[in-house]
């Protein structure tokens, strides 16, 4: 297990995963930031959130996506960004499962607002989201020395405990 | 050992994520407050959402409200209107199954209609455009129920026809 965690290739695999997921989040947040009203309507269509929270979510969530996406791409506080992405993916997936269970024929509202005809939610949407969730988990769990700002300026304590040579520390 | 203990990595990750969350909330709220197209932080009125989910896929022909077969014993009348409208007036024996643009008709209700033994199922609704009666009739037909019709014009002309017949 320890050997798996210490494998140096994780940083490179995770870099690809980070850039992929990060760019997706950057692309996803754009229309939500530009048109918060449309995004609020997308959230309301799920019929899950209490009305009082719909707009607050529409206002805040795109900025979390923007921040997390940027952080993943540049490798700044990478694992925190991965934690946020994993949390958001969990939330989105649960929402889509509920919507599918209700039989709602709608767009997921993930990217630029599309109609239910062009981009309907389906079990494929869930598989896709679970895939992104898995990539975020991979970065969170195994990318202990992320390539990027975190590696250039590691924060004391938070980075790279796996690579520390404990025998050297003891001596 | 250094003087200041470093936070546990997992705790540091959680703390960073929380800070990003809070920062995003502040930035998002500030931008929303400053922009002309900002939305209220708390929505007071319901969003007008229309999800075309239970759109009927079946074919259901219309039936004139004064068609005599409407009142035959083996005709099952189904009221697609909301409960308040149904309570105000409905033909005797009519089953209430309100049409919902968001939710499909409950399976149990559809099965009950399918196993009712009726020769025909005639749905009446609000007579609007679109007519909830026609929508529900198409939904029921799409669910595999045969001989489903809808009353042209909805409940109002049906009530008039029933009154002309001496009520039912």
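The values are calculated or read from the model by the stated rules, or taken from the named source; none is laboratory data. As the structure is a computational prediction, the values presented were derived from the model and not from experiment. Cβ placement follows ideal geometry from the backbone for every residue including glycine, while neighbour counts extend to all protein chains displayed.
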Matching option when the condition is under 29 Å from residue B:36 (Cβ atoms) and facing another protein chain (nearest Cβ under 9 Å), among A:81, A:44:
A:44
Hey, does the range A:68-75 have a residue that's over 25 Å from residue B:31 (Cβ atoms) and touching a strand residue (DSSP E or B) at 6+ places or on another chain (Cβ under 9 Å)?
no
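Residue by residue, here is whether (1) over 19 Å from residue A:135 (Cβ atoms); (2) modelled with pLDDT under 95; (3) facing chain B (nearest Cβ under 10 Å) holds:
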residue	(1), (2), (3)
A:61	yes, no, yes
A:67	no, no, yes
A:87	no, no, yes
A:90	no, no, no
A:101	yes, yes, no
Working only within the range B:24-37, note down all residues that are in a helix (DSSP H, G or I) and out of contact with any helix residue (DSSP H, G or I) (no Cβ under 7 Å at 6 or more places or on another chain).
B:26, B:30, B:31, B:33, B:34
Matching strands (runs of 3 or more DSSP E) fully within the range B:56-166 where at least 3 residues are in contact (Cβ under 8 Å) with a residue 60 or more places away in the chain and over 25 Å from residue A:103 (Cα atoms)
none
Output the residue which, of all residues in the range A:49-107 that are touching a residue at least 40 places away in the same chain (Cβ under 8 Å) and outside any helix (DSSP H, G or I), is farthest from residue A:136 (Cα to Cα).
A:104
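Under the condition of being surrounded by fewer than 19 Cβ atoms within 10 Å (Cβ to Cβ) and in contact with a helix residue (DSSP H, G or I) (Cβ under 8 Å, 6 or more places away or on another chain), which residue from the range B:79-90 is nearest to residue B:163 (Cα to Cα)?
Out of the qualifying residues, it is B:89.
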Exactly one condition in (1) closer than 14 Å to residue B:90 by Cβ; (2) buried (at least 18 other Cβ atoms within 10 Å of the Cβ) is false for residue B:149; which is it?
(1)
